[in-house]
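Written below as structure tokens is the structure these notes are about.
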Amino acid sequence: SVEVESSINGQPRIISVLGPGQVFGESSLAPPNRSSDTVRAITDVEIMSIHSESLEQRIASQLEGQLLLLVLRAIIRRNWLLKNELEAIDG
């Protein structure tokens, strides 16, 4: 398992604990929204890494993939906006 830590109003907070088969780093698919979260292993883990441009090329090589990429980017942007709104409320 890994824990995902984010800075909210300048204070580090654990925002998620992820287990087998879950992913992190998806915000890199929606530039310029780059994540500054910290991911820390809390148990032994194996990870796979793929550069965002490589993933985008693989997804976009098919029409269905292009639509999926648009949907993913929209979801990521909405989550980013929601996080910023929550920070404003919490602060």
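Listing for the model above:
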item: Estimated [θ] at 222 nm from DSSP helical runs (n ≥ 4, -39500 (n - 2.57)) normalised by residues in the chain, nearest 500; result: -14000 deg cm²/dmol
item: Ile15 versus Gln57: modelled label distance in nm, points set 7 Å from Cα along the beta carbon direction; result: 3.0 nm
item: Loop-located GluC sites (Glu not before Pro) in segment 28-86, at most 10 other Cβ atoms within 10 Å (DSSP); result: Glu46
item: Shape metrics for the chain, restricted to C-alpha atoms - Rg then Dmax, Å; result: 14.7, 43
item: For segment 1-71, accessible area per residue (1.4 Å probe, heavy atoms of protein chains only), Å²; result: 75 Å²
item: Sequence-distant residues sharing a close amide H with Ser16 (under 5 Å, placed H); result: Val4
item: Sulfur and carbon atoms: percent of accessible area, the chain [1.4 Å]; result: 56 percent
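The values are calculated or read from the model by the stated rules, or taken from the named source; none is laboratory data. Just so it is clear, the model here is predicted, and its values are computed rather than measured. Backbone-built Cβ (ideal geometry, glycine too); neighbour counts: all protein chains shown. Heavy atoms of the whole protein, side chains included, go into the accessibility calculation; ligands, DNA and RNA do not. Shrake-Rupley method; radii C 1.70, N 1.55, O 1.52, S 1.80 Å.
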